[in-house]
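One structure coming up, written as structure tokens, with questions to follow.
The values are calculated or read from the model by the stated rules, or taken from the named source; none is laboratory data. Small disclaimer: the values here were computed from a predicted structure and weren't measured. Backbone-built Cβ (ideal geometry, glycine too); neighbour counts: all protein chains shown.
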Amino acid sequence: MVGLTYGQEASQWQKDISEAQSAGIDGFALNIGRDDTYTDAQLQLAYDTAASASGFSLFLSFDMADPTKPWDVNRVSSLVNQYKSAASQFKVNGLPLVSTFEGPSWSGNWASVRSATGGIFLVPDWSSLGADGVGAQRSIIDGAFNWGAWPEMNQRTISTGNDVAYQNVLQGKPYMMGVSPYFYTDLPQYNKNWYSTSDSLWYDRWKNVQDILPEYVEIITWNDYGESSYINEPVQSQIVSGAEGYINGFSHAAFRFVLPYFISAYKAGNTNVAVPSEGAVAWYRTTPASLNGCSDGGTVWGQSGDASASGGTSNVISVIALTNSPTSITVSVGGSSQTVSASDTIGKASFYQVPFDGKTGAVTVTLNGRSTTGPEITNNCPASGHINFNAVAIQV
């Protein structure tokens, strides 16, 4: 999912699409808000750029999270009609796929959109209804997208229970499964300040995908910096005001390293696929979850949670390694090294965690003789005066 593309030029679209294709991603869901003044210009740039990228597709995803500001039916229909015949438009059964972020109160309008456009393949996210609520709307949708890609409040890992529930209520209609690497937001102007446990999320969720094998997988997100769920190098002009302190210097581009393998395994329906390149991704916070004189900043553990985020994460360096045979890794923090074996393995992907409690300094991860050094872990309180729960990702 791509959004918040204010001021983006064609060169950035070219870069984004090229990097996405290199990671095995087949297309972008274009998240558009009703009041985004840049929507028309950016949609045209996106579709024009994707047209020259062989095999790369796009579809519209209408942001309908605020029911007090509903989309106009004619506006939605007009946008669908404008791009439904574009060379890069993603279609199912000859119809343009259309999605949403929320919007169940708008559900009665989709019949009019279908009529005005000659038909759409509607796969909305109405996660606020829950799986049963979505199932009750089954007759008016063609599939469903589940936004639940993170552990719930006060939970450290994510299970497939909600995914199974969606598949059950859809009764054979396509299921689009949400996958995400991380979540942390601290935007008081939007009343958003929470962290979802992400210490093992990128590994856990791809393992979930292999268990569920849904019809579609949507990665949430490509560039939502305000919620720390991005998998690219932050673009300064697209960082939401107030998020700079926890985004600048915290690249997530390395998360993409494991995608070619996990995507190939998903498409094959099994993990016995080739490793495109041996290596690893490691991610970690640069400060401990608790630090004397440095508060949690009011950050809660999970959306609507009431416990501190500091209880929802461990002081660890997490690693996913792709290797053709099992191996150990070595992690050094400030020159103090520890060699560990994998705690879990699926196919040729192995997961490791190394604690850094009490250690500070640069982080070096070594795999099969190859090493990468990332930013230092420190006991210094960030300039904000509270813990930054975002992580930096590095590739080995």
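Search segment 24-54 for residues being surrounded by fewer than 19 Cβ atoms within 10 Å (Cβ to Cβ) and under 18 Å from the mean Cα position of the chain (by Cα), and hand back the single one that is nearest to E233 (Cα to Cα).
G24
What number of residues in segment 349-396 are among the small types (G, A, S) and under 24 Å from F183 (Cβ atoms)?
8
Another question, then. So, in segment 155-171, how many residues would count as being touching a strand residue (DSSP E or B) at 6+ places or on another chain (Cβ under 7 Å) and of a type in the set (V, I, T)?
Total satisfying the criteria: 0.
If you go through segment 14-36 one residue at a time, do you hit one that is out of contact with any Ser or Thr (no Cβ under 6 Å at 6 or more places or on another chain), in a loop (DSSP other than H, G, I, E, B), of a type in the set (S, T, N, Q) and in the same structural domain as I231 (by TED's automatic domain parsing)?
No, there is no match, as no residue in segment 14-36 is out of contact with any Ser or Thr (no Cβ under 6 Å at 6 or more places or on another chain), in a loop (DSSP other than H, G, I, E, B), of a type in the set (S, T, N, Q) and in the same structural domain as I231 (by TED's automatic domain parsing).
Any residue at all in segment 290-308 that is more than 26 Å from Q12 (Cβ to Cβ), among the hydroxyl-bearing types (S, T, Y) and free of Cβ contacts under 8 Å to residues at least 24 places away in the same chain?
Checked segment 290-308: at least one residue is more than 26 Å from Q12 (Cβ to Cβ), among the hydroxyl-bearing types (S, T, Y) and free of Cβ contacts under 8 Å to residues at least 24 places away in the same chain.
If you check every pair at least six apart or on different chains, which have Cβ atoms under 8 Å apart with a residue in segment 235-260 that is assigned by TED's automatic domain parsing to the domain that holds I219 and outside any helix (DSSP H, G or I) first and a residue that is charged (D, E, K, R) and crowded, with 18+ Cβ neighbours inside 10 Å second?
Between residues of segment 235-260 that are assigned by TED's automatic domain parsing to the domain that holds I219 and outside any helix (DSSP H, G or I) and residues that are charged (D, E, K, R) and crowded, with 18+ Cβ neighbours inside 10 Å, the close pairs are G242/D186; A243/D186.
Return the residues of segment 144-173 that are under 20 Å from the mean Cα position of the chain (by Cα) and either outside the structural domain of F121 (by TED's automatic domain parsing) or under 20 Å from A29 (Cβ atoms) (or both); say none if nothing qualifies.
A144, F145, N146, W147, G148, A149, W150, N162, D163, Y166
Then there's this: Hey, can you tell me all the residues within segment 85-113 that are surrounded by fewer than 19 Cβ atoms within 10 Å (Cβ to Cβ) and charged (D, E, K, R)?
Passing the criteria: only K91.
Still on this structure, I have one more. Scan segment 338-382 for residues that are closer than 22 Å to G293 by Cβ and free of Cβ contacts under 8 Å to residues at least 24 places away in the same chain and jot them down.
G358
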